[in-house]
Amino acid sequence: MCGICGIVDLNARPLPRPEIEENIVLMQKNLIHRGPDEEGSFIAGPVALGHTRLSIIDLSSGHQPMSNEDGTVWTVFNGEIFNYIELKKELEETGNHLFKTKSDTEVLVHLYEEYGEHMVEMLNGQFAFVIYDEKQKELLLARDHYGICPLFYSTKWQGRLVFASELKAILDLPEFDAQIDLKALKQAFTFWTILSPRSAFRHIKSLPPGCLARIKLGRDQSVKYRRYWHLSFPREGEEDYSRSAADWADEVFETLVKAVKIRLRADVPVGVYLSGGLDSSIIASVVRRLTDTPIETFSLSFAAQSYDETEYQKELAHALNVQYNNIIIRNSDIGKHFPKSIYHGEKPVLRSAPVPMYMLSSLVHKHGYKVVLSGEGADEVFAGYDLFKEDKIRRFWARQPESALRPLLFKRLYPFSPLTLSAAGKMLLSFYKKELLPLNVFGYSHLPTWSNTRPIQNYFSSHTQEILRDYDPVEELKQEIPGEFHFWHPLHKAQYLETRILLSEYLLVSQGERMTMAHSVEGRFPFLDVTVAELASRIPPVYKLKGLTEKYILRKAFGGMLPGIIANRPKRPYGAPNKEAFFDTKNESNVGYWLSKEKISQSGIFDYKKTERLTRKCAANRQIGFRDNAAFLGIVSTQLLCEMFVNKELV
């Protein structure tokens with residue numbers, strides 16, 4: 001992965017070179033962590049392109065920006081095209097293209113010459129790129145299927161288009177008007193994250209996953225957007241039940257092994273994240289099967305035992321005979337590094353989970369690795385989350401809403417929950433019963449989560465609440481949902497929403513790509529290979545969630561490769577200490593200053609009295625629920641965004 005940036009005059013007028021050169025250098029400086037190995041730029045006519053390189057493929061000659069043979073097509077590219085070898089062979093067989101390098105970047109240039117914007121439909125990878133066609137005076141911006149690689153852009157700076165891999169490269173431009181997008185905050189305090197095309201800042205958009213934009217320069221100036229891919233499923237009742245579970249498992253095995261193999265393509269060593277759960281264990285086991293070279297794994301351990309999975313990590317590392325490296329996370333570490341995770345993630349967050357991932361990528365970097373494989377995406381693709389099981393139980397319960405027995409199925413999900421205790425049990429069941437009917441409402445699977453998160457908005461100041469009074473994030477989300485969504489099986493609807501919201505906009509950003517690239521490490525995600533995703537979407541729901549057994553088909557496909565203690569483990573959600581990390585006895589955070597009356601008043605986003613009461617409650621060293629934890633972290637992270645990028649204060 002790398003960092004890309006650029007400045008474009010939409011009227012096709014030549015850019016003033018000395019000034020633009022300085023601006024490109026400034027943008028590159030803000031992206032240097034993404035590409036510390038090399039910098040490059042191209043400035044001609046109305047276009048200036050910048051690049052910071054993390055060299056992984058073709059270390060000696062993959063310099064960017066890169067052009068075609070006659071210099072009429074230029075690109076800056078962030079990411080990897082994993083099937084570039086096959087695509088290059090096809091292009092060479094046409095006899096129309098001459099290659100000067102062994103890089104996947106050059107394949108992009110020639111693919112564009114051959115197929116135009118339809119090139120994106122041929123790519124298997126994780127990417128964000130911009131192509132400038134000098135003859136046509138056009139730009140093509142594109143982002144990968146799941147949005148692993150970021151791409152932001154704005155037309156609100158000096159009448160020009162500016163784009164970059166990270167917001168900070170745009171926000172730091174001279175006189176850029178940096179303002180928090182309050183509608184984006186309301187999204188975050190509903191969905192846990194901001195949904196593209198919004199970003200955390202007004203005037204800057206995020207190109208959505210699976211989308212491209214064609215921008216025409218000059219007198220006929222225009223911008224055309226197209227979604228070239230989205231997760232899709234067969235209509236309910238038209239799923240393919242003609243094949244057995246064993247047949248589906250065989251195809252899952254074969255397809256995922258290919259996805260892992262193609263992601264081992266690199267001219268540098270590739271490491272593996274090992275969490276101790278099913279997904280990363282499968283990836284590590286497949287890598288072990290595919291190569292005889294030594295393998296290094298990287299894991300998180302927690303001083304707080306309730307979050308720790310070291311036992312399972314070591315069990316698998318021993319079984320596979322791979323090198324095990326881990327980093328121990330203490331509460332004080334989270335408070336200390338939280339600002340850095342916000343600086344790199346550039347979004348408000350409602351949990352502290354990104355911080356350990358930030359620290360883990362530091363461990364990978366210290367061991368000299370630039371690439372690491374991760375099991376991210378398996379829960380969305382193969383239905384691994386409790387949310388999917390909760391949805392199934394609620395729909396079963398809704399057939400007899402007054403049943404006292406049906407809701408006790410939640411005991412299967414949460415065996416230590418107090419369902420049999422009168423007060424606590426009734427409270428838990430009332431939470432799930434709130435949105436029990438009707439069944440056909442949009443987002444049924446996610447209603448309990450959204451309803452539980454929305455009250456955080458009560459911490460907004462009266463001014464903020466007035467501005468947002470008529471804005472409904474769910475209605476905005478509904479407008480972009482594909483028409484066929486309404487004809488899918490309930491599990492598939494839930495999978496689509498979880499992928500579109502939590503995976504693409506939170507996990508791959510705040511816990512994923514932005515945390516790895518903070519330390520110049522590229523994360524690769526075999527479960528998000530487009531062929532794996534499209535295969536999984538065809539698998540009937542009963543083989544993904546069998547009864548209340550999550551990822552059934554994945555266990556059937558790979559269970560024999562894993563130790564029993566791993567293969568039979570129920571899903572354990574990844575988490576980290578939240579509010580307690582900021583009030584630890586060894587706390588090194590400056591939370592009191594960020595939430596001071598002066599700073600709360602300066603941002604104007606939150607109500608100080610309510611925020612101050614919440615802070616006292618969190619500091620009282622007692623157990624608090626999800627809502628208070630989420631509100632506290634949401635407020636702190638938003639205040640940090642204001643400090644760093646609006647007030648431009650070092651934190």
Evaluate region 92-104: report whether one residue or more is in contact (Cβ under 8 Å) with a residue 60 or more places away in the chain and touching a strand residue (DSSP E or B) at 6+ places or on another chain (Cβ under 9 Å). no
Given the options 25, 76, name the one that is part of a helix (DSSP H, G or I), within 30 Å of the chain's Cα centre (by Cα) and modelled with pLDDT of 95 or more. 25
Pick from region 55-77 the residues that are of a type outside the set (Ser, Thr, Tyr) and without any contact (Cβ under 8 Å) to a residue 40 or more places away in the chain: which of them is surrounded by the most Cβ atoms within 10 Å (Cβ to Cβ)? 65
Read through the list (1) closer than 29 Å to residue 489 by Cα; (2) touching a Pro at 6+ places or on another chain (Cβ under 9 Å); (3) of a type outside the set (Val, Ile, Thr); (4) in contact (Cβ under 8 Å) with a residue 60 or more places away in the chain, then give the number of the only condition that residue 217 fails. (1)
Tell me, which residue of region 481-515 that is without any contact (Cβ under 8 Å) to a residue 40 or more places away in the chain and in a helix (DSSP H, G or I) is nearest to the chain's Cα centre (by Cα)? 485
The condition from (1) in a loop (DSSP other than H, G, I, E, B); (2) more than 25 Å from the chain's Cα centre (by Cα) that residue 208 misses is numbered (2)
Condition check: polar (S, T, N, Q), farther than 19 Å from residue 361 by Cβ and modelled with pLDDT under 95. Does residue 293 satisfy that? yes
Where residues in region 604-623 are of a type in the set (A, V, I, L, M) and either surrounded by fewer than 17 Cβ atoms within 10 Å (Cβ to Cβ) or closer than 18 Å to residue 463 by Cα (or both), which of them is nearest to the chain's Cα centre (by Cα)? 605
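Residue-by-condition table, conditions (1) among the β-branched types (Val, Ile, Thr); (2) surrounded by fewer than 20 Cβ atoms within 10 Å (Cβ to Cβ); (3) touching a Lys or Arg at 6+ places or on another chain (Cβ under 7 Å):
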residue	(1), (2), (3)
430	no, yes, no
444	no, no, no
452	no, yes, yes
505	no, no, no
Any chance region 457-467 includes a residue that's in a helix (DSSP H, G or I), free of Cβ contacts under 8 Å to residues at least 24 places away in the same chain, out of contact with any Cys (no Cβ under 7 Å at 6 or more places or on another chain) and closer than 30 Å to residue 609 by Cα? yes
Within region 292-383, which helices (runs of 4 or more DSSP H) (wholly inside it) include 3 or more residues that are free of Cβ contacts under 8 Å to residues at least 60 places away in the same chain? 310-320
If residue 570 satisfies every condition in (1) more than 30 Å from residue 315 (Cα to Cα); (2) in a loop (DSSP other than H, G, I, E, B) but one, which is the exception? (1)
Can you spot a residue in region 29-48 that is under 27 Å from the mean Cα position of the chain (by Cα), surrounded by fewer than 19 Cβ atoms within 10 Å (Cβ to Cβ) and either hydroxyl-bearing (Ser, Thr, Tyr) or part of a loop (DSSP other than H, G, I, E, B) (or both)? yes
Out of the residues in region 452-478 that are modelled with pLDDT of 95 or more and among the polar types (S, T, N, Q), which is nearest to residue 432 (Cα to Cα)? 453
Test of understanding: among 339, 348, which residue is surrounded by fewer than 22 Cβ atoms within 10 Å (Cβ to Cβ) and more than 30 Å from residue 257 (Cβ to Cβ)? 339
Restricting to region 384-423, and then to whatever is at pLDDT below 85, of a type in the set (A, V, I, L, M) and in a helix (DSSP H, G or I), can you tell me which residue is surrounded by the fewest Cβ atoms within 10 Å (Cβ to Cβ)? 423
Condition set out of contact with any strand residue (DSSP E or B) (no Cβ under 6 Å at 6 or more places or on another chain) and over 18 Å from residue 262 (Cβ atoms), scope region 118-132, selection surrounded by the fewest Cβ atoms within 10 Å (Cβ to Cβ): answer is 118
All positions within region 361-371 that are in contact with a Phe, Trp or Tyr (Cβ under 6 Å, 6 or more places away or on another chain) and buried (at least 24 other Cβ atoms within 10 Å of the Cβ): 364
Criterion violated by residue 280 - all others in (1) more than 17 Å from residue 367 (Cα to Cα); (2) of a type in the set (S, T, N, Q); (3) modelled with pLDDT under 95 satisfied: (3)
List, please: which pairs have Cβ atoms under 7 Å, are six or more places apart or on different chains, and start with a residue in region 398-410 that is under 13 Å from residue 437 (Cβ atoms) and end with one that is charged (D, E, K, R) and outside any loop (DSSP other than H, G, I, E, B)? 400/406
Just checking, does region 579-597 include any residue being modelled with pLDDT of 90 or more and under 21 Å from residue 451 (Cα atoms)? no
For region 518-535, check the following and say yes or no: at least one residue is in the same structural domain as residue 330 (by TED's automatic domain parsing), assigned to a loop (DSSP other than H, G, I, E, B) and either free of Cβ contacts under 8 Å to residues at least 60 places away in the same chain or out of contact with any Lys or Arg (no Cβ under 9 Å at 6 or more places or on another chain) (or both). no
Could you tell me how many of the residues in region 134-156 are touching a residue at least 60 places away in the same chain (Cβ under 8 Å), in a strand (DSSP E or B) and surrounded by fewer than 21 Cβ atoms within 10 Å (Cβ to Cβ)? 2
Region 221-264, residues that are acidic (Asp, Glu), without any contact (Cβ under 8 Å) to a residue 24 or more places away in the chain and assigned to a loop (DSSP other than H, G, I, E, B): 238
Regarding residue 184, is this residue part of a helix (DSSP H, G or I), without any contact (Cβ under 8 Å) to a residue 60 or more places away in the chain and buried (at least 21 other Cβ atoms within 10 Å of the Cβ)? yes
Going through 294, 234, 269 one at a time, which residue ends up being outside the structural domain of residue 312 (by TED's automatic domain parsing) and not acidic (Asp, Glu)? 234
Please state which of the following conditions residue 514 fails to meet, knowing it meets all the rest: (1) buried (at least 24 other Cβ atoms within 10 Å of the Cβ); (2) farther than 24 Å from residue 121 by Cβ; (3) in the same structural domain as residue 285 (by TED's automatic domain parsing); (4) touching a Phe, Trp or Tyr at 6+ places or on another chain (Cβ under 7 Å). (4)
May I ask you to say which residue of 495, 465, 479, 511 is polar (S, T, N, Q) and under 19 Å from residue 211 (Cβ atoms)? 479
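The values are calculated or read from the model by the stated rules, or taken from the named source; none is laboratory data. No experiment lies behind these values; they were computed from the predicted model shown. Using ideal geometry, Cβ is built from the backbone for each residue, glycine included, and neighbour counts are taken over all protein chains shown.
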